[in-house]
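The values are calculated or read from the model by the stated rules, or taken from the named source; none is laboratory data. Keep in mind the model is a prediction, meaning the values are calculated, not measured. Note that each Cβ is placed from the backbone with ideal geometry, even for glycine, and that neighbours are counted across all protein chains shown.
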Amino acid sequence: MASLLVLWDVDQTLIWARGVGATIYQVAFRELFNRELPIVRISMAGRTDRAIALDLLTASGISEPREHVDAFQAIQAAHAASMAPQIIARGQVLPGVPEALAAVARGRPGLRVVQSVLTGNVRAMSDVKLHSLGLAESLDLESGAYGTESEIRADLVPIAQRNAKARYGEDFSGAATVLIGDTPLDVAAARMAGARAVAVATGAFTLEDLAEAGADAVLPDLGDADQVRAAIFGEPEHQFPGNGPHTP
Ligand SMILES: [Mg+2]
């Protein structure tokens with residue numbers, strides 16, 4: 001049976017945490033350097049926590065920032081669970097997500113689907129968001145890849161593919177993987193790995209931005225489970241011989 005690895009981005013794709021996760025950078029900085037994190041503008045959308053941490057440390061004037069990244073991320077991870085009450089109170093699952101996950105989990109005849117995440121979040125932060133908002137059960141979190149692993153999002157794709165292979169014994173390379181995310185960096189990560197890229201305009205980017213980035217399919221949101229299935233599986237549903245997509 002063919003297998004497909006479906007890797008969901010977390011923030012702005014599955015959920016919106018209303019910035020709750022961002023306070024953890026301040027906590028980690030204070031604990032590590034005994035002072036407040038200066039106000040700096042760092043681009044975050046689609047980037048990994050490792051890249052964001054490096055930028056923050058550099059912009060805050062920390063010398064040899066690379067030497068502090070592991071410690072910084074370890075503190076973020078240690079504090080992640082304490083964010084659960086705020087995430088439960090303020091965070092939300094984006095519209096249609098539970099239905100979309102269930103619809104994709106059904107797979108297709110002859111196709112087994114493994115669903116996990118590919119996120120810039122450190123693992124503990126991703127876990128607390130997904131558990132707090134009730135999505136963890138729908139995903140095999142061990143098959144995912146997280147923002148502690150690299151500064152470059154595209155590096156996370158082969159990591160997730162290896163993790164999934166170790167668990168299921170299947171080869172998920174190339175087009176046997178699909179990424180779904182809300183930023184051009186999600187799309188770029190998929191394309192660099194030869195994976196399929198599905199983009200959803202529930203973050204800061206428009207349908208046009210995401211199409212221009214090279215997504216194979218672009219959705220306004222995840223509200224239509226049939227559309228999500230078609231985008232992820234890469235062909236229309238209910239296709240019969242002689243009645244393909246080009247038939248008027
Ligand atoms: Mg995102």
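Worth a mention:
- Those residues of region 99-115 which are under 16 Å from ASP224 (Cβ atoms), surrounded by fewer than 17 Cβ atoms within 10 Å (Cβ to Cβ) and of a type outside the set (D, E, K, R), in sequence order: ALA102
- Residue count for region 194-214, restricted to those that are small (Gly, Ala, Ser) and more than 15 Å from the chain's Cα centre (by Cα): 4
- Among the residues making up region 122-143, those that are of a type outside the set (D, E, K, R) and surrounded by 24 or more Cβ atoms within 10 Å (Cβ to Cβ) are VAL122, MET125, SER126, VAL128, LEU130, SER143.
- Residue that is nearest to the chain's Cα centre (by Cα), among those in region 4-28 that are more than 14 Å from the ligand (Cβ to nearest atom) and at pLDDT 95 or above: VAL6
- Only one of the listed residues (ARG47, ARG35) is in a loop (DSSP other than H, G, I, E, B), within 11 Å of the ligand (Cβ to nearest atom) and outside the structural domain of LYS165 (by TED's automatic domain parsing). That residue is ARG47.
- Among the residues examined, VAL27 qualifies as among the β-branched types (Val, Ile, Thr) and farther than 30 Å from ASP221 by Cα.
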